[in-house]
Amino acid sequence: MTEENVILVNEKDEQIGLMPKLEAHEKAVLHRAFSVFILNSKNEMMLQQRAHHKYHSPLLWTNTCCSHQREGETNIAAGTRRLYEEMGFKAELKELFHFIYKAPFDNGLTEHELDHVMIGYYNDSPVINPDEVEAWKWMSIEAVQEDMRNNPALYTVWFKIIFDEFYHYLEDHKL
C-alpha cells in the first residue's frame, strides 16, 4: 500500500503541492486537513479513542474523526468518506470554519494544518473500524471541557486546540 499524500497549501488554503503524509509531519509543512464533530440530539459529542497501534497518539481521546483531503476531493466529501471509514456511519456534514494550527508531538512529528472544522448529527452507535479506533463514547461538551482541563494527557494535542476553537464557535453562533 502506498503512503497517502497530503495537500500542501499556503495560508489562503491555495494548493501549492503534494507530499507524502509522514514527510509533511516530519517537516512540519502546512497542509490541508479536516476535523469532524458529531453531536447527538442531547447535544453530546461523539469522541473516539485512537487505536492502540497508531504511530502517534495511540489510545488518546479525540473528536469523532479527522484526517486529510485527497487531491480533488471537497472538504465535505473527505469528511464524509473518513467518517464512514473510521466510525462506520454517514451523516450530513456542514463546514463551520477553518483555522491554522501547529502542534508538535513527543515523537518528533508535527501537525501543521489548515483545518476545516465540520459538524454533523447522529443518534445511533457507530460501527468502529478497529484499525483506526479503539473505543468511542458520548460526552456532553461541558464534560469534555472539564475532563480535558483535569486530565489533559488523555487527549490528543490537536483535539485540545481544535476543541477550544469549536467551543468558542458554538458560543458565538446559534446552530
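Mind listing the long-range amide H neighbours of LEU59? Cut-off is under 5 Å, sequence gap 5 or more, other chains count too, H placed in the peptide plane at 1.01 Å from N.
Sorted by chain and number, the residues that satisfy this are ARG50, ALA51, HIS52, LYS54.
To the nearest 10 degrees, how steep is helix 75-87 against the longest Cα principal axis of the chain, on a 0 to 90 scale?
The angle comes out near 60 degrees.
Which value, in Å², gives the accessible area per residue of the chain when a 1.4 Å probe is used on the protein heavy atoms? Write out the running numbers ahead of the final one.
Numbers: 8850 Å² over 175 residues.
Ligands and nucleic acids excluded, the figure is 51 Å² per residue.
Expressed as a fraction of 2.2 N^0.38 Å, the rule-of-thumb size for a compact globular protein of N residues, what is the C-alpha radius of gyration of the chain? Please report the intermediate quantities before stating the final value.
Values: Rg = 15.2 Å, N = 175, 2.2 N^0.38 = 15.7 Å.
Normalised Rg, Cα atoms only: 0.97.
So for each of 108-116, 62-70, 165-173, 17-25 I average, over its residues, the number of other beta carbons within 10 Å; can you give me the resulting order with the highest mean first?
Working: 108-116: 19.6, 62-70: 22.0, 165-173: 13.2, 17-25: 15.8.
Averaged packing, sorted descending, gives the order 62-70, 108-116, 17-25, 165-173.
Rank these residues by their accessible area, most exposed first, probe 1.4 Å: MET87, MET148. Intermediate results must be reported in sequence, preceding the final value.
Values: MET87 0, MET148 20 Å².
Largest to smallest exposure gives the sequence MET148, MET87.
What lysines does LYS42 reach when the alpha-carbon gap must be under 18 Å and sequence neighbours fewer than 8 apart in one chain are set aside?
LYS137, LYS174
I'd like the orientation of helix 141-150 relative to the chain: the angle between its Cα long axis and the longest Cα principal axis, in ° from 0 to 90, rounded to 10.
Taking the Cα atoms of the chain, the angle to 141-150 is about 70 degrees.
For the chain, modelled as a Gaussian network with Cα springs under 10 Å, which listed residue fluctuates most, PHE163, PHE97, PHE34?
PHE97
Going toward the positive end of the dipole of the stretch 20-134, with +1 on Lys and Arg Cβ and -1 on Asp and Glu Cβ, which of ALA24, TYR84, VAL36 do you reach last?
My answer, from the dipole projection, is VAL36.
By how many degrees, between 0 and 90 and to the nearest 10, does the Cα long axis of helix 157-172 differ from the longest principal axis of the chain?
The answer is roughly 60 degrees.
The values are calculated or read from the model by the stated rules, or taken from the named source; none is laboratory data. It should be emphasised that the depicted structure is a prediction, and the values quoted were computed from it without experimental measurement. All Cβ positions, even for glycine, are placed from backbone atoms using ideal geometry, and neighbour counts span all protein chains on display. Accessible surface areas use protein heavy atoms only, side chains included; no ligands, DNA or RNA. Shrake-Rupley method; radii C 1.70, N 1.55, O 1.52, S 1.80 Å.
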